[in-house]
Amino acid sequence: MSLPSYNDLEAALRRAGVLQDAAEAHGTMSALLATGKSTLKDDWLERVFAEADPANANAGACRRLLERTWDASFELLVGDALAYEPVLPDDEDDLQLRVDAYSEWCQGFMFGMALAGFETFDDLPPDVQEFLADLAEISGRTLDLGDDEEADESAYMELHEYLKVGVQLVYDELNPPRPQQFRAPPGVH
């Protein structure tokens, strides 16, 4: 199962009359998944569609796309190491658009942490606290580009990788592997 593109998800949200953008919605979703709160899927979807017109014929298709995005994001997060991807504009899109979407994604992730019940981060592992502090700083401001396009592009790519690794870190720290159930060797009863 693969993730939709940012543009496809953004278009579906607009057609359905949803106010959130694709990056913010995926950020919130990712926080819920990374914190092990997958039971909040329906609550999250209700929040996404809270301001949308329920009679909008495109709402059902958008909801199904968000559900597939949720499932694909979860598979990537729990699957092979570092397979997780945030839904952000493509590398070919304008850098300012990508930077703005990155900030929105971070804002969504912080909102998702609050929805997951993490109002403070004091009891979380130090690496998770540091990652969340970085996201909180990014989500609260506008990121401006400099004069060196190549340096800006390189900095964005580093931030993108940091985001992927950070979300995986949150998941790994807050969802430790469960020990396998004890099974008696064959023939022992």
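The values are calculated or read from the model by the stated rules, or taken from the named source; none is laboratory data. If you're wondering where the values come from, they're calculated on a predicted model, not measured in any experiment. With ideal geometry, Cβ positions are generated from the backbone for all residues, glycine too; neighbour counts draw on all protein chains shown. Each accessible area value is taken on the protein alone, full model and side chains, heavy atoms only, with ligands, DNA and RNA left out. Shrake-Rupley method; radii C 1.70, N 1.55, O 1.52, S 1.80 Å.
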Exercise. Out of the stretch 66-96, which residues are hydrophobic (A, V, I, L, M, F, W, C) and either under 22 Å from A136 (Cβ atoms) or open to solvent by less than 50 Å² (accessible area, probe 1.4 Å) (or both)?
Worked result: L66, W70, A72, L76, L77, A83, V87, L88, L95
For this session: Can you run down the residue pairs with Cβ atoms below 6 Å, 6 or more apart or on separate chains, where the first is in the stretch 32-44 and within 14 Å of V170 (Cα to Cα) and among the polar types (S, T, N, Q) and the partner is open to solvent by 70 Å² or more (accessible area, probe 1.4 Å) and modelled with pLDDT of 95 or more?
Result: none
Problem set entry | Sole residue being part of a loop (DSSP other than H, G, I, E, B) and out of contact with any Cys (no Cβ under 7 Å at 6 or more places or on another chain), chosen from A72, A52, A25, A11 | A52
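Could you list, in sequence order, all residues of the stretch 44-64 that are more than 11 Å from A16 (Cα to Cα) and not acidic (D, E)?
Residues of the stretch 44-64 more than 11 Å from A16 (Cα to Cα): 44-47, 50, 64.
Scanning the stretch 44-64 gives W44, L45, R47, A50, R64.
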Problem set entry | Given (1) under 13 Å from the mean Cα position of the chain (by Cα); (2) under 19 Å from C106 (Cβ atoms); (3) surrounded by fewer than 18 Cβ atoms within 10 Å (Cβ to Cβ), index of the condition S38 fails | (2)
Exercise. Given Y6, Y84, which one is in contact with a Lys or Arg (Cβ under 7 Å, 6 or more places away or on another chain) and either within 23 Å of E173 (Cβ to Cβ) or at pLDDT 90 or above (or both)?
Worked result: Y84
Problem set entry | Failed item in (1) loosely packed, with under 15 Cβ neighbours inside 10 Å; (2) among the aliphatic types (A, V, I, L, M); (3) within 30 Å of A155 (Cβ to Cβ), with M1 passing the rest | (3)
Problem set entry | Those residues of the stretch 20-51 which are polar (S, T, N, Q) and out of contact with any helix residue (DSSP H, G or I) (no Cβ under 7 Å at 6 or more places or on another chain), in sequence order | T39
